[in-house]
Amino acid sequence: MAQAATPKISNDDGAPEVFVSVKEFECIGAEPPYDHPHVYLDMGSEDEIICPYCSTRFRYKKPA
C-alpha cells in the first residue's frame, strides 16, 4: 500500500508566521535555489512549531 508523500512547505515571503493545515511536513525555507536543508517537522499534540533553520513559526489551522 502506498503512503502519502510528506508535504513540502515554503515561506517565500519571509513571513514570521505561516498557517498550515497539516501537523507533519517538511520546511524547505524558500523555493529553490533559496531553500535551506529540508527538515521534517512534526507538531505532535501541539498547534505550532518553529523551524530551527529559518525560524518560521508554523501554526496549525484545522481545514474547514
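Assorted remarks:
- Considering (1) assigned to a strand (DSSP E or B); (2) open to solvent by 80 Å² or more (accessible area, probe 1.4 Å); (3) free of Cβ contacts under 8 Å to residues at least 40 places away in the same chain, the lone condition that D12 does not fulfil carries the number (1).
- Count of the stretch 15-24 residues which are exposed (fewer than 11 other Cβ atoms within 10 Å of the Cβ) and assigned to a strand (DSSP E or B): 0
- Looking only at residues of the stretch 53-64 that are charged (D, E, K, R) and not in a strand (DSSP E or B), we find that the one that is surrounded by the most Cβ atoms within 10 Å (Cβ to Cβ) is K61.
- Cβ-Cβ distances below 6 Å connect the following pairs, each with a first residue in the stretch 31-44 that is farther than 21 Å from S21 by Cα, a second residue that is part of a loop (DSSP other than H, G, I, E, B) and open to solvent by less than 60 Å² (accessible area, probe 1.4 Å), and a separation of six or more residues or different chains: H36/C54.
- Scanning the stretch 35-52 for residues that are of a type in the set (G, A, S), open to solvent by less than 50 Å² (accessible area, probe 1.4 Å), farther than 14 Å from P7 by Cβ and under 9 Å from the mean Cα position of the chain (by Cα) turns up nothing.
The values are calculated or read from the model by the stated rules, or taken from the named source; none is laboratory data. Small disclaimer: the values here were computed from a predicted structure and weren't measured. Reconstructed Cβ throughout: ideal geometry from the backbone, glycine too, with neighbour counts over all protein chains shown. Please note that ligands, DNA and RNA were not included when accessible areas were found on the heavy atoms of the full protein model with its side chains. Shrake-Rupley method; radii C 1.70, N 1.55, O 1.52, S 1.80 Å.
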